[in-house]
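Worksheet: the structure to be examined is printed underneath.
The values are calculated or read from the model by the stated rules, or taken from the named source; none is laboratory data. Not measured: the values here are computed from a predicted model. Note that each Cβ is placed from the backbone with ideal geometry, even for glycine, and that neighbours are counted across all protein chains shown. For the accessible areas, the whole protein counts, side chains as well, though only heavy atoms, and no ligand, DNA or RNA atoms are used. Shrake-Rupley method; radii C 1.70, N 1.55, O 1.52, S 1.80 Å.
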Amino acid sequence: MMIYMKKMNELGVPVPNHKAYVIRNYKDVRKDQRERALIETEYNMFSFPADLLTLDFLSDSGSTSMTDLQWSALIHGDESYGRNKGYYVLLDAFRDVFERGDKPEKLVDLILTGEDDVDKLMNKIYLTSFEGGFVNGGVHQLTRPNTFIVPQGRVSEYLLFSTLAEVLSEINPNRKYFILNNGHFDTTGANIRAVHIEPINVFNKTVVLEPFPYKDMDLRNPFKGNMDIKQLEEIIIQKGPESIPLIYTTITNNSVAGQPVSMANIRVVKEISDKYGIPFFFDACRFAENAYFIKTYEEGFNNISIREIVKEMFSYVDGFTISLKKDGLGNMGGALFLRDKGKFVQKYSINGKNIGIRLKEKQIVTIGNDSYGGLSGRDIMALAVGLQEVVKLPYLKSRIGLTQYFSKKLAENNIPVILPAAGHAVYIDMDKFFMETDMKIEDFGGVGFSIELLKHYGIRACELGPFAFEWDQRTEEQRKGILNLVRFAIPRNAYSRSDIDYTVAAVSELFKNKEHIPKVRIARGAELSLRHFQTGLKPIYK
Ligand code: F0G
């Protein structure tokens with residue numbers, strides 16, 4: 001195991017990585033005002049007005065503070081309907097990051113520096129041709145479309161699974177299908193269920209909940225987000241490979257306490273996917289943070305750059321969905337990629353129709369023309385620059401360093417935080433938090449905790465447990481894949497150690513007074529899909 005972090009930083013405190021030139025002051029909101037807002041929004045965390053909060057850990061998605069380079073790129077945004085100039089440099093930035101390793105072209109720089117050599121622009125950007133990877137270019141993107149820009153991650157999931165379901169019903173309308181994932185995100189699972197395919201989570205719950213000494217966090221990482229290989233093969237054999245349209249690995253594994261996935265695990269899943277002829281996909285949200293864990297903690301990667309690690313990770317998959325709202329890429333965006341002529345494309349281009357053409361038809365009808373995909377030209381430019389920013393080591397080190405600091409402080413205060421720290425968030429184990437109280441899993445203690453944290457301290461966190469994952473609506477078998485967690489997702493480049501110190505003090509105070517945390521009942525909409533976004537709740541105070 002590596003001791004890389006120690007070597008990088010002899011002072012034992014992180015080297016600062018950025019400064020703020022624009023700040024937003026908070027309003028001075030009183031507890032009784034927050035209480036009133038909670039009542040009037042039915043105690044639903046997603047419905048609470050953000051402007052009344054002190055700290056917001058609801059999500060790291062789209063909540064990033066962009067860099068000055070990203071802000072300055074916005075002004076170059078091209079709002080043309082067809083083939084805006086940002087489209088070309090965004091596609092090439094995808095090639096840079098997912099395929100070129102240490103040899104990026106950084107074509108966006110030509111736009112940002114006002115290159116006016118027309119031949120150069122035509123030869124390097126507008127009329128280039130690519131094929132064979134995730135991002136066809138020129139005529140190949142027209143005849144075999146394989147890159148689909150969309151407004152956010154879940155749209156790429158919708159596009160993929162609604163189209164795949166059509167193809168599967170043409171192959172065999174009567175078969176029951178399953179998608180195997182190391183941990184489906186909530187929208188991912190919901191998009192799969194919506195087309196009557198069953199999502200199955202394939203991780204090792206015992207491993208995830210295993211204690212880990214926080215003092216070891218700098219030294220090693222057990223990659224608890226890994227796909228459980230034994231279970232994976234058992235399920236493939238039990239259900240039959242023809243019932244499994246794809247295997248899906250989420251990096252990092254958000255629903256499984258945000259834990260990273262090792263390169264070794266990715267390689268084995270790739271072998272299994274080849275053995276059974278099942279296409280292999282990533283849910284690539286937070287790929288850069290996952291690469292940082294591989295570099296820092298996985299044997300053999302210490303001297304390999306983040307860019308090269310990312311390239312290797314993606315070399316194993318046949319396609320991926322991604323939310324570009326994560327990893328500090330930007331505030332809005334998503335995409336779906338298929339490997340040109342890869343396993344997925346070959347298997348599902350049936351009845352004389354390329355699967356990419358089917359996807360593109362749906363993209364145009366529902367989302368937008370392929371060159372903007374529902375995004376503004378400004379968003380596209382910010383993303384083209386963001387892709388180059390997030391693979392920088394000092395940024396990732398500072399980003400994950402803050403999450404590790406947060407986890408360590410909670411652990412020092414005996415709060416049952418899942419260790420080691422994830423990349424984007426801190427997760428508290430609510431089963432352990434409420435030990436020695438009469439809180440049961442169906443009392444949604446994590447929700448009660450979040451309500452109290454918001455009411456008393458103006459801090460918003462999010463339950464990702466029996467309430468969000470619909471415990472009461474699931475079978476005994478499905479319940480095994482649900483953890484009882486509360487998540488604090490950290491917006492990128494927005495918060496500092498003092499924000500974390502305030503939060504740790506607030507959580508510790510609630511921990512001391514856990515007997516007074518209310519049980520929670522669902523007052524409205526228990527049966528709604530993705531109910532945590534929309535149901536009404538009622539805390540039961542003693
Ligand atoms: N996959 C994973 C692993 C995610 O974490 C998310 C979003 C999505 C897909 C969907 O992407 O939001 O752009 O549509 N996660 C956010 C979160 C919302 O707070 O964890 P999206």
Assess whether Lys311 counts as being within 16 Å of Asn181 (Cα to Cα), in a helix (DSSP H, G or I) and either in contact with a Lys or Arg (Cβ under 6 Å, 6 or more places away or on another chain) or basic (Lys, Arg) (or both). no
Would you check which residues across segment 207-222 are closer than 18 Å to Tyr427 by Cβ, under 24 Å from the mean Cα position of the chain (by Cα) and among the charged types (D, E, K, R) and list them? Glu210
Any residue that is more than 16 Å from the ligand (Cβ to nearest atom), crowded, with 20+ Cβ neighbours inside 10 Å and not aromatic (Phe, Trp, Tyr) - is there at least one of those in segment 205-215? no
Which fully enclosed strands (runs of 3 or more DSSP E) of segment 423-542 have 3 or more residues being more than 27 Å from the chain's Cα centre (by Cα)? 519-524, 536-540
Hits in segment 314-340 - residues which are away from the ligand (no atom under 12 Å from the Cβ), modelled with pLDDT of 95 or more and either open to solvent by 10 Å² or more (accessible area, probe 1.4 Å) or not in a helix (DSSP H, G or I) (or both): Ser315, Tyr316, Val317, Asp318, Gly319, Phe337, Leu338, Arg339, Asp340
The conditions are (1) more than 19 Å from the chain's Cα centre (by Cα); (2) under 21 Å from Phe282 (Cβ atoms); (3) surrounded by fewer than 21 Cβ atoms within 10 Å (Cβ to Cβ), and Gly352 fails exactly one of them. Which is it? (2)
Please count how many residues of segment 162-191 are within 12 Å of the ligand (Cβ to nearest atom) and either crowded, with 23+ Cβ neighbours inside 10 Å or at pLDDT 95 or above (or both). 7
Please state which one of Gly368, Gly373 is of a type outside the set (A, V, I, L, M, F, W, C), in contact with a strand residue (DSSP E or B) (Cβ under 7 Å, 6 or more places away or on another chain) and either outside the structural domain of Ile482 (by TED's automatic domain parsing) or in a helix (DSSP H, G or I) (or both). Gly373
So Asn191 fits all but one of (1) touching a Gly at 6+ places or on another chain (Cβ under 7 Å); (2) over 20 Å from Gly258 (Cα atoms); what number is the exception? (1)
Flagged in segment 247-279 as part of a loop (DSSP other than H, G, I, E, B), within 15 Å of the ligand (Cβ to nearest atom) and farther than 18 Å from Phe301 by Cβ, in numbering order, are Asn254, Ser255, Val256, Ala257, Gly258
